[in-house]
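The next block holds one structure in the form of structure tokens; read it before the comments.
The values are calculated or read from the model by the stated rules, or taken from the named source; none is laboratory data. Bear in mind the structure is a predicted one, so any value in this text is a computation, not a measurement. Don't worry about glycine lacking a Cβ; one is built from the backbone with ideal geometry, like all the others, and counts go over all protein chains shown.
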Amino acid sequence: MRLLVTGAAGFIGSNFVHQTVRERPEVQVTVLDALTYAGSEASLAPSRAAITFVEGDVTDAELVDRLVADADVVVHFAAESHNDNSLSNPWPFVQTNIVGTFTLLEAVRRHGTRYHHISTDEVYGDLELDDPRKFTPETPYNPSSPYSATKASSDLLVRAWVRSFGVQATISNCSNNYGPYQHVEKFIPRQITNLIDGIRPKLYGQGLNVRDWIHVEDHNSAVWTIIDKGRIGETYLIGADGEKNNREVVELILELSGLDSDAFDLVSDRPGHDMRYAIDSSKLRTELGWAPRYSNFEDGLAATIDWYRANEAWWRPQKDATEAKYAQIGR
Ligand code: NAD
Ligand code: DAU
């Protein structure tokens, strides 16, 4: 299989490539990534010798067409991915997430290539803390932020290209990932690296917002399950029943770091901050037989803390610029 992976110099895509190189050495992997502030070739280092890396933009129609022509399967991770950035400057989100997806869809349409679209549970909006429901593939789209609105737009393009043009596509919507190679702008790595720098963790609002955490390796094993067995045109929700509020996560990071569990600060809230995400992944589990392997969040978090401690050279170059951006918005 010749596999084109977009956005694989980022967090989830780089882990996907490492897992693929490790577990499926027969797959020929080509990566297309623009190396934005969020992408780093260093994230691909362990697999670099086994893959082809192309630096380029998913909105570059000529380049995308050439790469898709040489692929059997495309997995599209590339995106602007951070909600806070989308509130400060939404345009790159429209360009990459919507126009980039359009560009790939047109190429896979021309070449009849199998396409898997990586998306997020945020397309469904949010749930109240006491709502007994979880998101299902039937939940209506109701995105809150510019980021999630552009992801929702991209999902709808995929659905239209399946129905109108017969494109061979599947979509997955996953909950919050954690693990190695995640940019220090994101919640968990920000707090871990702040603590390494002697800075107290920062919780938005009251810290009561709930996210449904899944280890990145479980997300990626689910993506492979969908590529192998998913039904064309279907949407699969990926989640591992990992609901926790942000305060609980910070308390755990503090405890695992040997510090008092109340040694954090509350900072101003994110505008439009989604309250809670929760995934019902039963379709993926019953129809395709997928199950997560990282069932213990505390163990996964401890391993992630160890990874950031051992890989300061990887994250240190991003840290000052990231905290300068947060300082500008008072968080
Ligand atoms: P990330 O920000 O860590 O990585 C994004 C990558 O895409 C970077 O390497 C960046 O250089 C690249 N990129 C950005 N714009 C590009 C462009 N125009 N052309 C080519 N490459 C470009 O993101 P992530 O957290 O790894 O997320 C990957 C995908 O998974 C995204 O589609 C995101 O919406 C989705 N997702 C993320 C999560 C999560 O918890 N992080 C959960 C569910 C879904
Ligand atoms: O649900 C999937 C989504 O998860 C993905 O689609 C996004 O790409 C990914 O970034 C993530 O979005 P969130 O906005 O949930 O993730 P973030 O890491 O930015 O924040 C997680 C929670 O922590 C959220 O409630 C905001 C809060 N937060 C975040 C930061 C950076 C804090 O309390 N303090 C912080 O310093």
Original post:
Pairs, please: C-beta under 7 Å, at least 6 apart or cross-chain, first residue hydrophobic (A, V, I, L, M, F, W, C) and in region 135-153, second surrounded by fewer than 19 Cβ atoms within 10 Å (Cβ to Cβ)?
Top reply: PHE135/ASP280; ALA152/TYR141
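Which residue is farthest from PHE297 (Cα to Cα), if the candidates are limited to region 174-186 and must be within 6 Å of ligand 2 (Cβ to nearest atom) and buried (at least 21 other Cβ atoms within 10 Å of the Cβ)? Walk me through it before giving the result.
Looking only at region 174-186, we keep the residues that are within 6 Å of ligand 2 (Cβ to nearest atom), and these are 175-176, 186.
After this cut, where a residue has to be buried (at least 21 other Cβ atoms within 10 Å of the Cβ) as well, the list is 175-176.
Details: SER175: 14, ASN176: 12 Å.
Among residues in region 174-186 that are within 6 Å of ligand 2 (Cβ to nearest atom) and buried (at least 21 other Cβ atoms within 10 Å of the Cβ), the one farthest from PHE297 (Cα to Cα) is SER175.
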**OP:** Just give me the residues in region 105-144 being among the aliphatic types (A, V, I, L, M) and touching a Pro at 6+ places or on another chain (Cβ under 7 Å), in sequence order.
**Re:** VAL123
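On the given criteria, is ILE199 of a type outside the set (Gly, Ala, Ser), at pLDDT 95 or above and within 16 Å of ligand 1 (Cβ to nearest atom)? Spell out the reasoning first.
Working: of a type outside the set (Gly, Ala, Ser): yes; at pLDDT 95 or above: yes; within 16 Å of ligand 1 (Cβ to nearest atom): no.
Criteria not met by ILE199.
Which residues, counting only those in region 211-234, are buried (at least 21 other Cβ atoms within 10 Å of the Cβ) and more than 15 Å from PHE77 (Cα to Cα)?
At the first step, the residues of region 211-234 found to be buried (at least 21 other Cβ atoms within 10 Å of the Cβ) are 211-216, 218-220, 222-223, 226, 230.
Of everything in region 211-234, those that are buried (at least 21 other Cβ atoms within 10 Å of the Cβ) and more than 15 Å from PHE77 (Cα to Cα) turn out to be ARG211, ASP212, TRP213, ILE214, HIS215, ASP218, GLY230.
Just to be sure before I move on: is ARG163 in a helix (DSSP H, G or I), at pLDDT 95 or above and either of a type in the set (Gly, Ala, Ser) or surrounded by fewer than 18 Cβ atoms within 10 Å (Cβ to Cβ) (or both) in the structure I sent? It would help to see each step written out before you state the result.
On the way: in a helix (DSSP H, G or I): yes; at pLDDT 95 or above: yes; either of a type in the set (Gly, Ala, Ser) or surrounded by fewer than 18 Cβ atoms within 10 Å (Cβ to Cβ) (or both): yes.
Here the answer is yes, as ARG163 does meet what is asked.
Consider region 90-102. How many of its residues are part of a helix (DSSP H, G or I) and either touching a Gly at 6+ places or on another chain (Cβ under 8 Å) or surrounded by fewer than 22 Cβ atoms within 10 Å (Cβ to Cβ) (or both)?
So in region 90-102, the residues part of a helix (DSSP H, G or I) come out as 91-102.
Now drop any that are not either touching a Gly at 6+ places or on another chain (Cβ under 8 Å) or surrounded by fewer than 22 Cβ atoms within 10 Å (Cβ to Cβ) (or both), which leaves 91-92, 94-95, 98-99, 102.
Summing the residues that are part of a helix (DSSP H, G or I) and either touching a Gly at 6+ places or on another chain (Cβ under 8 Å) or surrounded by fewer than 22 Cβ atoms within 10 Å (Cβ to Cβ) (or both) in region 90-102 gives 7.
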**OP:** Being out of contact with any strand residue (DSSP E or B) (no Cβ under 9 Å at 6 or more places or on another chain) and either within 16 Å of ligand 2 (Cβ to nearest atom) or closer than 13 Å to ASP60 by Cα (or both) is the filter here, so list the residues in region 90-111 that pass it.
**Re:** PRO90, PRO92, PHE93, VAL94, GLN95, THR96, ASN97, ILE98, VAL99, PHE102, THR103, GLU106
Original post:
Of these, VAL54, VAL68, VAL74, VAL123, which one is farther than 16 Å from CYS174 by Cβ, within 12 Å of ligand 1 (Cβ to nearest atom) and not charged (D, E, K, R)?
Top reply: VAL54
